[in-house]
Amino acid sequence: MSLFYSIIQTSVCMKKSGNQLNLPSRVLAEKVGLPGFDSMPSALNMLSKHERASYCNHYWENQFRKVFTLEFSRDRKMMSVLCSHKQTDIMFSKGAPESIITRCTNILCNNDGSTVPLTDTVRSEVESRFRSLAGKQTLRCLALALKQMPRGQQTLSSDEEKDLTFIGLVGMLDPPREEVRNAMLSCMTAGIRVIVVTGDNKSTAESLCRKIGAFDHLVDFSGHSYTASEFEELPALQRTIALQQMALFTRVEPSHKMMLVEALQNQNEVVGAIVLIFIKSLHQFLFFIFTFHFFLQFQSASDMVLADDNFASIVAAVAEGRAIYNNTKQFIRYMISSNIGEVVCIFVAAVLGIPDTLAPVQLLWVNLVTDGLPATAIGFNKQDTDVMKSKPRKVGEAVVSGWLFFRYLVVGAYVGLATVAGFIWWFVYSDTGPKLPYSELMRFDTCSTRETTYPCSVFEDLHPSTMSMTVLVVVEMFNALNNLSENQSVLVIPPWSNPWLVASIILTMLLHILILYVHPLAVLFSVTPLSWAEWTVVLYLSFPVIIIDELLKFVSRNSSGIRFKFRFRRPDLLPKKDLHDK
């Protein structure tokens, strides 16, 4: 069993190295146990849970005295520890199998503990076993080795990490989180290109990606998976093509990550984030680089840092960012369309030659109170159900596009026309009004200079302006419901999805009713109570704004494919610099 205990010695002697793989090494020591391990189960039952958790580690720690530690480095991809045991000095090494195996000239036999030369045949068999563990079984692999050192040596150097005796391979299973697959698929659906960047072995990383299933659209990783050294050896043109197809980048160092980011930026890609994450119990670092073809501008470091160890947080962050952006657009849309309505109302009244539909104090009330509450509540809209299905926007794309502004104009125009219509209705059609011919309404300013069948005081009645103001308030409340989503129907995202908006609409209407039916306030705002028949007309004039916007949303949803069809087309494959060189 000398091979087993050589593994344990190698693992335990490195416990204070500061390396991220110490915990698995200590777990391995407990699993293998001690000499005479057949009696271990019954013997360990006599210990407390706390003592049993690290009993074997304590045993091996007492057997060896650590003299010197040669820390892990990225270029060597290994670490070594010099230990003293019974007048013998031994260097124990562990690290990446490809780094350890190339430094070994001998191998320790398991049957009798003898050391024999590591022949090419045996080396090939070891490497084949390593590929099987790392590939098919998706295990993180460590290679262990040792070397007899001169008695009394106190230090180590990297030059001494050669002519090692190979002990064996250790495989560790780090299953991915269950939510990783769906999170990565959501990113891809959202137009976010995902590149997995890791310092781990290429076979292990490819197997892990297959296990996650996020790259099922790739027949194989040929042309999509590169180690850092393979990528650096590519000619300029092939490197450019590789960047466009890359899904996996392995055996990388910090300098390679910056090189990758800069190379992507040179191809006019916008790198949104470099995120350091763990996958489940992993002590393995995976870097996921999200390349947003258009989206947020990447700065020299990371614009997005993952605070927990859950990859799905990235999807939530992107979705939340899109929701905030959409809510900002909805706020702007609501305020612009409402203000356009007020302008249209005043402008149309002037063009038609009818009396002013709204008093200045009424306009001030609508702008400060009636518009303000729902506009603020729109910021609490929930995410659209398809927020992660839409493609990223262009970096230079305006917040308000031409089509969106056209929608503002249509809705705003209706708001203004409905307000004027309420004013005219009272004069021409209301049973409580004068029922004037429309021509008489247009000649209101000459009433005092000519004979009429009605008193000129009718133009000073508060009912028409109250109708206009009420129509304006109610139509804007319906318009606020339109702004639950830019393109999704109110039937898909119902009003109660944003209780703050519902509450603000109710509060606004209560305030409006308050100034209509409380006499001192009615006098202040130059309004008067409305009858039920007048309220019915207000609702008839206001509700169509929802129908109009639903039609515009339907057009937007069904024409989105045309607008984005050529978004990802490239004029060439080479960066501009390479084109100039050609």
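The values are calculated or read from the model by the stated rules, or taken from the named source; none is laboratory data. Remember, predicted model here, so these are calculated numbers, not experimental data. Neighbour counts run over all protein chains shown; Cβ positions are idealised from the backbone, glycine included. Note: areas computed on protein heavy atoms with side chains; ligands, DNA, RNA excluded. Shrake-Rupley method; radii C 1.70, N 1.55, O 1.52, S 1.80 Å.
Name the residue from 153, 208, 106 whose Cα lies farthest towards the positive end of the charge dipole of the stretch 98-218, charges +1 on Cβ of Lys and Arg and -1 on Cβ of Asp and Glu.
Checking the options against the dipole of the stretch 98-218, the answer is 208.
With every protein chain left in place, what is the accessible area of residue 481 in Å² (1.4 Å probe, nearest 10)?
Approximately 30 Å² for this residue.
Given the options 526, 537, 441, identify the residue whose Cα lies farthest towards the positive end of the charge dipole of the stretch 435-541 (+1 on Cβ of Lys, Arg; -1 on Cβ of Asp, Glu).
It is 537, whose Cα lies furthest towards the positive end.
Quickly rank 316-325, 87-96 as a protection proxy: mean count of other C-beta atoms within 10 Å, highest first. Display every interim value, and only then the final one.
Details: 316-325: 16.0, 87-96: 20.2.
Packing order, densest peptide first, comes out as 87-96, 316-325.
Just to check I understand the Karplus step: with θ = phi - 60° and J = 6.51 cos²θ - 1.76 cosθ + 1.60, what whole-Hz values come out for the stretch 529-537, glycine and proline as x?
Each residue of the stretch 529-537 in turn: x, 9, 7, 4, 4, 5, 5, 4, 5 Hz.
In whole Hz, what ³J(HN,Hα) sequence does the stretch 27-34 give by Karplus (6.51, -1.76, 1.60; θ = phi - 60°), x for Gly and Pro?
Going residue by residue, I get 4, 4, 4, 5, 5, 6, x, 10 Hz, with x marking Gly and Pro.
Taking a quarter of the surface of the Cα convex hull of the stretch 434-545, what do you get in nm²?
Details: hull surface 36.9 nm².
That works out to 9.2 nm².
Per the Kirkwood formula on distinct C-alpha pairs, the Rh of the stretch 166-253 is how many angstrom?
Numbers: mean 1/r = 0.0704 Å⁻¹.
One decimal place: 14.2 Å for the Kirkwood radius.
Sort 478, 68 from largest to smallest accessible area, using a 1.4 Å probe on the heavy atoms of the protein chains.
Numbers: 478 45, 68 65 Å².
Order by accessible area, largest first: 68, 478.
Please sort by residue number the GluC sites (Glu not before Pro) in the stretch 394-469 whose DSSP state is loop and whose Cβ has at most 16 other Cβ atoms within 10 Å. Could the numbers behind the result be given before it?
On the way: sites: 397, 440, 451, 460; in loops: 397, 451.
Passing both the DSSP loop test and the Cβ count: 397, 451.
In square nanometres and to one decimal, what's the mean projected area of the convex hull around the Cα atoms of the stretch 44-113? Kindly include the intermediate steps, with their values, before the conclusion.
Details: hull surface 29.7 nm².
Averaging across all directions leaves 7.4 nm² for the Cα convex hull.
So how far, in whole Å, is the C-alpha centre of the stretch 174-188 from the one of the stretch 402-465?
61
Quick check on the stretch 78-221: what are the equivalent-ellipsoid semi-axes from the Cα gyration tensor, as sqrt(5λ), descending, whole Å? Don't skip to the answer; put the middle values down first.
Values: eigenvalues 296, 56, 29 Å².
With the √(5λ) rule applied to the stretch 78-221, the semi-axes are 38, 17, 12 Å.
Hand me the GluC sites (Glu not before Pro) from the stretch 142-249 located in a DSSP loop with no more than 15 other Cβ atoms within 10 Å, in residue order please. Write down the numbers at each step before the final one.
Numbers: sites: 160, 161, 178, 179, 206, 230, 232, 233; in loops: 161, 178.
Here the GluC sites (Glu not before Pro) that fit, given the DSSP loop and packing criteria, are 178.
Which order, highest average first, do 27-33, 370-376, 462-468 follow once you tally other Cβ atoms within 10 Å for each residue and take the mean per peptide? Mind showing how you got there, number by number?
On the way: 27-33: 18.0, 370-376: 20.1, 462-468: 23.9.
Top to bottom by mean Cβ count within 10 Å: 462-468, 370-376, 27-33.
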